[in-house]
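Colleague: Please find one structure pasted underneath; my questions will follow.
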Amino acid sequence: MLNAPTLEKLHALKLDALAAAWTDQQQHADATALAFDERLGLLVEAEWIARENKRLGRALQEAKLKLPQACLEAIDYPARRELDKVVRQLATCRWIDEHHNVILVGATGVGKSFAACALAHQACRKAIAPSIGARPGSFTS
């Protein structure tokens, strides 16, 4: 079989991750022992993961988050405050589908910006364009 023309066509079709996975499969004897359907599934999975990673990277870059490393898994909260239920509920992003807002209030340095960026990161993961806005002085006591 002629591999070079096939690789050229895959690159022309912009299936670069699939081409790389196929080349990797050709070099490993254990992959060639798999059935055709299994190998095809692995190739499609590699292309899908690469595209999802590109989409997420592009969405995070467009979001211009103040703290791009923030994610829900990195939020550190003590178990006694029982925030895990609230965080799990917010992580579903159902509040976005229902056109609700999340307002984070608290003292300086408690992690409001980090939590907001983590929620925006989660929205990007779910292919929802986030919008973060700070409204200083909007809520005065």
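Just so you know, all these numbers are worked out from the coordinates, no wet-lab data involved. Values in this document were obtained by computation on a predicted structure and should not be read as measured data. All Cβ positions, glycine included, derive from the backbone under ideal geometry; neighbour counts span all protein chains shown.
Colleague: Round to the nearest 10 and give me the degree value, 0 to 90, for the angle of helix 36-63's Cα axis relative to the longest principal axis of the chain.
Modeller: Taking the Cα atoms of the chain, the angle to 36-63 is about 40 degrees.
Colleague: Sticking with this structure for a sec: Between Thr32 and Gln61, what's the calculated FRET efficiency when r is the beta-carbon distance and R0 is 41 Å? Round to 0.05. Numbers along the way, then the final one.
Modeller: Working: r = 38 Å, r/R0 = 0.93.
Step by step, r from the Cβ atoms, then E = 0.60.
Colleague: Over the chain, what is the relative contact order in percent, taking alpha-carbon pairs closer than 8 angstrom and at least six residues apart? If you can, show how the numbers build up before the last one.
Modeller: Values: 85 pairs, mean separation 33.1, N = 141.
Taking the mean separation of contacting Cα pairs over the length of the chain, I get 23 percent.
Colleague: Let me ask something else about it. Send over the per residue convex hull volume for region 72-125, Cα only, as a whole number of Å³.
Modeller: Values: hull volume 4.6 nm³, N = 54.
About 84 Å³ per residue, rounded to a whole number.
Colleague: Same structure again: So which GluC sites (Glu not before Pro) in region 48-111 pass both tests, a DSSP loop state and at most 14 other Cβ atoms within 10 Å of the Cβ? Could you put the intermediate results ahead of the total?
Modeller: Numbers: sites: Glu52, Glu62, Glu73, Glu82, Glu98; in loops: Glu82, Glu98.
Here the sparse-neighbourhood loop sites are Glu82, Glu98.
Colleague: With a Cα-only, solvent-free Debye model of the chain, what are the log10 I(q)/I(0) values at q = 0.09, 0.21 Å⁻¹?
Modeller: -0.46, -1.24
Colleague: Could you work out how much longer the chain between Val110 and Tyr77 gets when fully extended? Use 0.36 nm per residue separation minus the Cα distance between them, nm to one decimal.
Modeller: So the extension gain works out to 10.8 nm.
Colleague: Run lengths n ≥ 4 of DSSP H only: what is the helix-derived mean residue ellipticity at 222 nm for the chain, with -39500 (n - 2.57) per run over all residues, to the nearest 500?
Modeller: Numbers: 7 runs with 80 residues, N = 141.
So the calculated ellipticity at 222 nm is -17500 deg cm²/dmol.
Colleague: To continue, here is another question. Just to confirm the number: angle between the C-alpha axis of helix 16-27 and the first principal axis of the chain, 0 to 90 degrees, nearest 10?
Modeller: 50 degrees
Colleague: Arranged from highest to lowest average of other beta-carbon atoms within 10 Å per residue, in what order do the peptides 43-49, 116-122, 75-81 appear?
Modeller: Numbers: 43-49: 15.9, 116-122: 22.9, 75-81: 8.9.
My ranking of the peptides, most packed first, is 116-122, 43-49, 75-81.
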